[in-house]
Each structure stands twice: as structure tokens, then as C-alpha cells.
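Working notes for the structure below.
The values are calculated or read from the model by the stated rules, or taken from the named source; none is laboratory data. What you see is a predicted model; the values in this text were computed from it and never measured. Using ideal geometry, Cβ is built from the backbone for each residue, glycine included, and neighbour counts are taken over all protein chains shown.
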Amino acid sequence: MNARRTDVLILGGGVAGLATALACADLGRKVTLLEARKKLGGRAASWTDRTSGQELDHCQHVVMGCCTNFLDFAERVQIAREFSREERLHFLSPEGIRSDFAATPLVPAPLHLATSFLGLKYLSWSDRIAVARAVLDLARDGVRDDADNQSMGAWLRAKQQSPLAIERFWQVVLVSALGESLERSSLASARKVFVDGLLGHPRAGDVLIPKVPLRFLFDVRAPIELASKGVTFERGTTVRSIEGSSAGVERVIVERGQSGQLHAIDCSATNVVLAAPWHLAASLLCQPLQQLLPQVVEMASVPSSAISGVHLWFDQPITPLRHAVLVGRLSQWLFAPNFASVMPEPPPADEHYYQVVISASRSLVGRAREAVIEEVRADLAAVFPRSRAAKLLRWQLVSEQDAVFSVLPGLAAKRPTQLTRVPGLFLAGDWTRTEWPATLEGAVRSGYLAAEAIERSRGSVLSLLRPDLPKNWLARTLLHVRS
Ligand SMILES: Cc1cc2nc3c(=O)[nH]c(=O)nc-3n(C[C@H](O)[C@H](O)[C@H](O)COP(=O)(O)OP(=O)(O)OC[C@H]3O[C@@H](n4cnc5c(N)ncnc54)[C@H](O)[C@@H]3O)c2cc1C
């Protein structure tokens, strides 16, 4: 760390660390951020495909219109214009029947999606009615005190949702939003997706898709803006241990590069924000701090859920759609990313790139990769007739086993707040208490909340979180929103 005074030392340069840096720097604090890897952005990362020379994302990320804090962050670090806002989603039934989903103009929330929902041709009328009833019940039951302890799968069975309605509606919406299966997701987290993510406001369900690789957003553009606000970055600096006691953090031990040499950073007059992922955070705390922060230790045993990105290069276009949701199939979303505008070289003209995303993909573990690709190809052939004639030139299957923490029933109460009982030590990360599942929105919220906690510890009470999209009277009433 350089010799200048640092008010806030952030450990971890994912989106949570970057959001903490933004919030603190904008309050006039001197910020230094340490990141173990050479690149910032954490799980929101990209790689370079050697064959085409193109930079691609490990896995497609999208944000929704309801992600008010992420969108605020994006504006403030000058990356908002790098997203395209999609107001219409294309759902393809297993038989290839397309139903488009979009808010009906001038219809107030939460009824703005009713026309699209009633037009879902691949659900029977009795299922459509049963699902609509259950969505309203979910809004009510999901705020009950025990809602976080109930599994969504069990709740749906109690609501007598048919297997087809579960497969073709509930799984489609929730598995990709929560990154977890219905059995392993809590009722409260499912309610969040429907009430805040889809029904609360006509624009809440818009999907924002990056127009550039994630690295451009979080490793290039955001850091440039943050540096202009005085934030210092130390990439390739691995935190080995945070040392201290109930009196506060004394020092942070780091290794720069692969030197093997350890350096101590004196933190007796610095606020330290631990922004590493949930499965690693506790391991960075010395023994006395682990004893003081049992919630952080407990989070290390929260299981991960995997997400897989299947990268496919065809010899011809397989669909004119830029994105599509595949219903009732292993392949859940198809995207056709095109980052040509920011690449030094255009992509080869004879290759057409697509990415299939499979959330909660633990079922792929142990399966031969070729068998997975075969099934994905069969999925695409079933719904995109043009893909049957297309030749698959090459493919990559990227599975991230620690993609997101599981939103298991009972987790909400275990998530620690950003303020800890150790003076000068704060937490950030999508896993801390934000009421959001593992998302970019959750990561930004945690960063803003960490900055709030730092200010509060210095005697200033500030509210840095951006409000949710406003809910009208009808939405508040039908969705049981407590004001
Ligand atoms: C495959 C996949 C798909 C996803 N899709 C979406 C999506 O579509 N929409 C969405 O909103 N979210 C999505 N997410 C979730 C989203 O990426 C995460 O919620 C978010 O990036 C978490 O940010 P974070 O800063 O909390 O954690 P991380 O990104 O994990 O950042 C933690 C940082 O700490 C660093 N670190 C760890 N240990 C040390 C150490 N010892 N010293 C220094 N630094 C350290 C890490 O290198 C990392 O940079 C997806 C995630 C994955 C993996």
C-alpha cells in the first residue's frame, strides 16, 4: 500500500468491493482496494477465446430493471450506456412455440404482465389460472415470519401446482433468477423475484444485457472512473490474514504477486472492508477474529450452486433472436453476444457465436462433457429449426461450481450485516445481509451498506441505498407490500 493516508482498505475487487470504493470515495474518503487476481470484477469476469481472438464472458450476466442500486452504480462509474434494455422476452416452449413476454403499456402494476402471462400458449388454461392464484398467494405467504424457512418446492406442492406448471413456469422464472433449484430455494427468496423483480413496477422485469465483455465494465471502465475519484488499486495482492482482536483490526498480512514474501499493513487507524466471497471470507480472519465473528465462519459452510455457460460456434446463424428463454429443457437461456464494436479485430465472418446458460447446474457434475453438448444441441435443434442444418464448429463448457451461494431455507437470518462487532472491520459481498440473492444488485447493495456502516461508526447517519422502484397502491395492496 502506498504511503499516503488510507481511510478505507477494501479486501477484494469484485463488484461489492468496487461499489464500496465508489460510495466511500464519493464521501471524500481515501480508498485503497487490494485484489488477489490481476483483474477486477471477481465472478463477473471474461476470458479470451484464442481461436477467434475475441473476449467473451465466462458466463452471460444480465440485470433487471428492478436493480436500482446496480443501475445507480453503473451510472456513477460511467458504464450504464454499455447495457441494452430489453423490454420483451422470448419464451420458447419445448415444442418450439414462441410466446413473448412484455409489460402492456398503460396497464398498472401488478397487472402489466397479465396479458403476456395469459398468452403463454404452452400452459393449459387450468394451469394458467392455478399459477396466477399461486403468484398472489406467494406475495402473501412470502412475508410471513417463517417464509424464509420454507422450501419453494414444498410450498408449490402444497399449492397443488401441476408438474407441468412447475416445470414450465415456476422453474423457468426462479431457477435462473435465484441460481438454485426450487427444492433448495426459500419461499421468501422466490417472493422477492416475483414482487420486486417482475410485478412491483412495469419496468421491474426489463432485462439489461451488457453490450461489451464484463471485463470492460469492471476491470477497465469502472476502475478508470474510480481512479479519477482517488481510489488506488493494488491488483495481484493476496490477503493472507486479517489480524486483530475485540479492540479492532491491527494489521492485514498480504502477499504481493507470487513472491512468497509477506508484508504487514498497519490498520490501526484504517477501516477495513472484507469483500471476499462467502466461502473464503472466514479463512482470511485470524483465530481471535473468527471467534468474534461466528456468522462469517458459518457462512463458509453454506453450499454453492453451480452455473454453466456453454459456448458454441456455428458455421451459420441459428436464430435471428439475440436472446431467448428455453422452457422445460436443460438449456435455459440462449444469448447471441456480439462484442465486435470493442474488439481490436472483428470476429471471423464464418463463425456465429452463441452462449447457452444453465443455472443450478450441479446435475452436470459427473456427466461427460460431450453428452452435455449433445443434449444442448438437441435442445437448440428442437426449437430453432435453422440450427439443424448448422455445423457446430467448436464448443467450450465453462462450469463455475462456486457461482452463487444457495438461497437455502433458513439462510436469511444467518447472513451477517456489513457492520461487525470488531471496531473498524466491515463486510461487503453479495452474501452479506441485503435481502437479495447472489446478484450484481446484491453485491452493489452490500457495498453501499458497508459504506453506510463505516460512516455510522464515525457518527454520521447516511442512507446510501437507492430506493426500490416505486409501487403503486394496487401493487402494494395485491402484493402485500409492507410500507
Ligand atoms: C456463472 C455466473 C453467472 C452469474 N449470472 C449473474 C447474472 O446474470 N446476474 C447477476 O446479477 N448476477 C449473476 N451472477 C452473480 C454475480 O456474479 C455475483 O453475485 C457478484 O459478481 C458477486 O460480487 P462480489 O463482489 O460479492 O463477489 P466476487 O465477485 O466473488 O468478488 C470477490 C473478490 O475477492 C477477491 N478475493 C478473494 N480472496 C482474496 C484474497 N485473499 N485477497 C484479495 N482478494 C481476494 C476475488 O478474487 C474476487 O475478485 C453470476 C455469477 C456467476 C459465477
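When you look at Leu182, is it closer than 14 Å to Ala360 by Cβ, of a type in the set (A, V, I, L, M), touching a helix residue (DSSP H, G or I) at 6+ places or on another chain (Cβ under 9 Å) and crowded, with 18+ Cβ neighbours inside 10 Å, yes or no?
Numbers: closer than 14 Å to Ala360 by Cβ: yes; of a type in the set (A, V, I, L, M): yes; touching a helix residue (DSSP H, G or I) at 6+ places or on another chain (Cβ under 9 Å): yes; crowded, with 18+ Cβ neighbours inside 10 Å: yes.
In short, yes.
So that you can scan it fast, the table gives a plain yes or no per residue for (1) of a type in the set (A, V, I, L, M); (2) assigned to a loop (DSSP other than H, G, I, E, B); (3) crowded, with 21+ Cβ neighbours inside 10 Å:
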site: Leu408; (1), (2), (3): yes, yes, no
site: Thr417; (1), (2), (3): no, yes, no
site: Asp430; (1), (2), (3): no, yes, yes
site: Gly447; (1), (2), (3): no, no, yes
site: Ile454; (1), (2), (3): yes, no, yes
site: Leu462; (1), (2), (3): yes, yes, no
site: Pro467; (1), (2), (3): no, yes, no
site: Pro470; (1), (2), (3): no, yes, no
site: Leu474; (1), (2), (3): yes, no, no
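Leu89: more than 29 Å from Leu280 (Cβ to Cβ), within 14 Å of the ligand (Cβ to nearest atom) and either buried (at least 20 other Cβ atoms within 10 Å of the Cβ) or not charged (D, E, K, R) (or both), yes or no? First the steps, then the outcome.
Numbers: more than 29 Å from Leu280 (Cβ to Cβ): yes; within 14 Å of the ligand (Cβ to nearest atom): yes; either buried (at least 20 other Cβ atoms within 10 Å of the Cβ) or not charged (D, E, K, R) (or both): yes.
Against the criterion (more than 29 Å from Leu280 (Cβ to Cβ), within 14 Å of the ligand (Cβ to nearest atom) and either buried (at least 20 other Cβ atoms within 10 Å of the Cβ) or not charged (D, E, K, R) (or both)), Leu89 qualifies.
Please specify each residue of segment 405-434 satisfying the condition of being among the charged types (D, E, K, R), farther than 18 Å from Ser305 by Cβ and touching a residue at least 60 places away in the same chain (Cβ under 8 Å).
Keep residues of segment 405-434 that are among the charged types (D, E, K, R), which gives 414-415, 421, 430, 433.
Keeping just the survivors that are farther than 18 Å from Ser305 by Cβ gives 421, 433.
Passing the criteria: only Arg421.
Could you figure out which of (1) β-branched (Val, Ile, Thr); (2) within 12 Å of the ligand (Cβ to nearest atom); (3) closer than 29 Å to Arg5 by Cβ isn't true of Val310?
All conditions are met except number (3).
Which residue is nearest to the ligand (Cβ to nearest atom), if the candidates are limited to segment 47-63 and must be crowded, with 21+ Cβ neighbours inside 10 Å and assigned to a strand (DSSP E or B)?
Asp57
Would you check which residues across segment 1-42 are over 20 Å from Leu425 (Cβ atoms) and surrounded by fewer than 21 Cβ atoms within 10 Å (Cβ to Cβ) and list them?
Asn2, Ala3, Arg4, Asp26, Gly28, Arg37, Lys38, Lys39 - these are the residues of segment 1-42 that are over 20 Å from Leu425 (Cβ atoms) and surrounded by fewer than 21 Cβ atoms within 10 Å (Cβ to Cβ).
Out of Asn338, Asn271, which single residue is modelled with pLDDT under 95 and over 20 Å from the mean Cα position of the chain (by Cα)?
Matching residue, one of Asn338, Asn271: Asn338.
For Ser189, indicate whether it is surrounded by fewer than 21 Cβ atoms within 10 Å (Cβ to Cβ) and not basic (Lys, Arg).
On the way: surrounded by fewer than 21 Cβ atoms within 10 Å (Cβ to Cβ): no; not basic (Lys, Arg): yes.
So Ser189 does not fit the description; no.
Output the strands (runs of 3 or more DSSP E) that fall wholly within segment 222-265 and possess 3 or more residues being within 12 Å of the ligand (Cβ to nearest atom), in contact (Cβ under 8 Å) with a residue 12 or more places away in the chain and over 26 Å from Val77 (Cα atoms), or say none.
On the way: elements: 232-235, 237-245, 248-256.
Hits in segment 222-265: 237-245, 248-256.
Here is a check on your reading of the model: is Ala154 away from the ligand (no atom under 16 Å from the Cβ), among the hydrophobic types (A, V, I, L, M, F, W, C), within 22 Å of Arg362 (Cβ to Cβ) and not assigned by TED's automatic domain parsing to the domain that holds Ser331? Full working, then the answer.
Details: away from the ligand (no atom under 16 Å from the Cβ): yes; among the hydrophobic types (A, V, I, L, M, F, W, C): yes; within 22 Å of Arg362 (Cβ to Cβ): yes; not assigned by TED's automatic domain parsing to the domain that holds Ser331: yes.
Answer is yes for this residue.
Which is in a strand (DSSP E or B) and among the β-branched types (Val, Ile, Thr), of Val376, Val398?
Of the residues listed, the single one that is in a strand (DSSP E or B) and among the β-branched types (Val, Ile, Thr) is Val398.
Scanning for something at pLDDT 95 or above and either in contact with a Cys (Cβ under 6 Å, 6 or more places away or on another chain) or within 9 Å of the ligand (Cβ to nearest atom) (or both), does segment 71-81 turn up at least one residue?
Kept after step one, since they are at pLDDT 95 or above, are these residues of segment 71-81: 71-81.
Imposing the further condition that a residue be either in contact with a Cys (Cβ under 6 Å, 6 or more places away or on another chain) or within 9 Å of the ligand (Cβ to nearest atom) (or both) reduces the set to none.
No.
Does segment 157-172 contain any residue that is within 16 Å of the ligand (Cβ to nearest atom) and touching a residue at least 12 places away in the same chain (Cβ under 8 Å)?
Filtering segment 157-172 down to residues within 16 Å of the ligand (Cβ to nearest atom) leaves 172.
Those left that are additionally touching a residue at least 12 places away in the same chain (Cβ under 8 Å): 172.
Checked against the condition, which is being within 16 Å of the ligand (Cβ to nearest atom) and touching a residue at least 12 places away in the same chain (Cβ under 8 Å), segment 157-172 yields at least one hit.
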